[in-house]
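The values are calculated or read from the model by the stated rules, or taken from the named source; none is laboratory data. In this text the structure is predicted, and so the values were computed from the model without any measurement. All Cβ positions, even for glycine, are placed from backbone atoms using ideal geometry, and neighbour counts span all protein chains on display. The accessibility values were calculated without ligands, DNA or RNA, using every heavy atom of the protein model including side chains. Shrake-Rupley method; radii C 1.70, N 1.55, O 1.52, S 1.80 Å.
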Amino acid sequence: MEPAWYPGTRIAFVGHDFDLGLSDIYSIEADGTGLRRLSHSSSGMAAYEPQWKPDGEWVVFSHDPDPEGRQICIVRADGTGYECLTDGPYYHGYPSWSAGP
């Protein structure tokens, strides 16, 4: 669900585990190899809306790290460097990257 294409290279998408009640961000090579889990949700947590940074090194997404709100988080394309950029009991969603000023 919610696929985000990094042209010619990888696809980021949301994968759901309905038994555990969670969803995570994954990426996979364009040829279907190299499946990689990028976020690591616990039961009841969900990750949504992945978008690639234009250089392909990071993925930004919405994540529910706790029941109080949805945050904007980033993770490196290799699955390291997970960090939430927002916090608090708010809904932050639909992230995207831009080239900047």
* Residue in region 34-41 that is at pLDDT 90 or above and within 15 Å of Trp97 (Cα to Cα) present -> no
* To do: Kindly establish whether Ile25 is touching a residue at least 40 places away in the same chain (Cβ under 8 Å), of a type in the set (Val, Ile, Thr) and surrounded by 13 or more Cβ atoms within 10 Å (Cβ to Cβ).
  => yes
* **Considering residues of region 38-53 that are closer than 16 Å to Ile11 by Cβ and in a loop (DSSP other than H, G, I, E, B) only, the residue most open to solvent (accessible area, probe 1.4 Å)** => Lys53
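Quick grid of which residues meet (1) in contact (Cβ under 8 Å) with a residue 60 or more places away in the chain; (2) open to solvent by less than 30 Å² (accessible area, probe 1.4 Å); (3) within 23 Å of Thr9 (Cα to Cα):
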{"position": "Gly69", "(1), (2), (3)": "no, yes, no"}
{"position": "Ile74", "(1), (2), (3)": "no, yes, yes"}
{"position": "Thr86", "(1), (2), (3)": "no, no, no"}
{"position": "Pro89", "(1), (2), (3)": "no, no, no"}
* **Residue among Gly32, Gly81 that is on the phi > 0 side of the Ramachandran plot, in contact with a Phe, Trp or Tyr (Cβ under 9 Å, 6 or more places away or on another chain) and surrounded by fewer than 15 Cβ atoms within 10 Å (Cβ to Cβ)** => Gly81
